[in-house]
Amino acid sequence: AEKTYSLKPHFRKKFKPMLVKEIIEEVLKDKLEGQKYHVDKAAKLCREITDGVKAKLKEMQCERYKYVVQCVIGEQRGEGVKMGTRCYWDSETDNSASHTFSNDSLFCACVAFGVYLY
C-alpha cells in the first residue's frame, strides 16, 4: 500500500501567487469592465467574483490546499481606502495573492489565500 500522507506540497503543486494574481485580474476585468456601481448589485457581483476565482483556483489542482477568497466592492468617490489582513500560517506552504480594479464608478479589491492542509 502506498503512503498518502504528506507534510509539504510538491514544489510544482504549491500555491503560485503570480499565477493566482493573473487569475484574479482576469476575473475582475471580465466581471467589472464597463460596470457602474450600484449598492444593490455589489453583493451579487462580489459573490460572482469570489466563485469565479475559486473555480479557477481549483483548476490549478494544488492538492490539499484550502482556498479563501475575499472581495470588496465600493463606490469610487475619490477617497482613499486601506485594507489589511492578518493570518497565522506556515510561510513555507501558505501564500496569498491580490489584485485591485477600478474605473470611474467603482473599485474592487480581491485577495485569495491558499492554505495547505496537513
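The values are calculated or read from the model by the stated rules, or taken from the named source; none is laboratory data. Remember, predicted model here, so these are calculated numbers, not experimental data. Ideal geometry is used to build each Cβ from the backbone, glycine not excepted, and the neighbour counts take in all protein chains shown. We work out accessible area using only protein heavy atoms, side chains counted, and drop any ligands, DNA or RNA first. Shrake-Rupley method; radii C 1.70, N 1.55, O 1.52, S 1.80 Å.
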Quiz item: List, please: which pairs have Cβ atoms under 9 Å, are six or more places apart or on different chains, and start with a residue in segment 56-80 that is closer than 14 Å to Lys16 by Cβ and exposed (fewer than 15 other Cβ atoms within 10 Å of the Cβ) and end with one that is among the small types (Gly, Ala, Ser) and at pLDDT below 95?
Solution: Glu63/Ser6
Practice problem: Could you figure out which of (1) modelled with pLDDT of 95 or more; (2) open to solvent by 80 Å² or more (accessible area, probe 1.4 Å) isn't true of Ala109? | Solution: (2)
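A quick yes/no check of all residues on (1) of a type in the set (Val, Ile, Thr); (2) farther than 30 Å from Lys8 by Cβ:
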position: Tyr37; (1), (2): no, yes
position: Glu75; (1), (2): no, yes
position: Val81; (1), (2): yes, yes
position: Arg86; (1), (2): no, no
position: His99; (1), (2): no, no
position: Phe113; (1), (2): no, no
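Can you tell me which residues in segment 3-37 are part of a helix (DSSP H, G or I) and acidic (Asp, Glu)?
Of segment 3-37, the ones part of a helix (DSSP H, G or I) are 11-13, 17-32.
Across segment 3-37, the qualifying residues are Glu22, Glu25, Glu26, Asp30.
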Practice problem: Could you check Lys36 against (1) over 16 Å from the mean Cα position of the chain (by Cα); (2) at pLDDT 95 or above; (3) open to solvent by less than 50 Å² (accessible area, probe 1.4 Å) and say which number it fails? | Solution: (3)
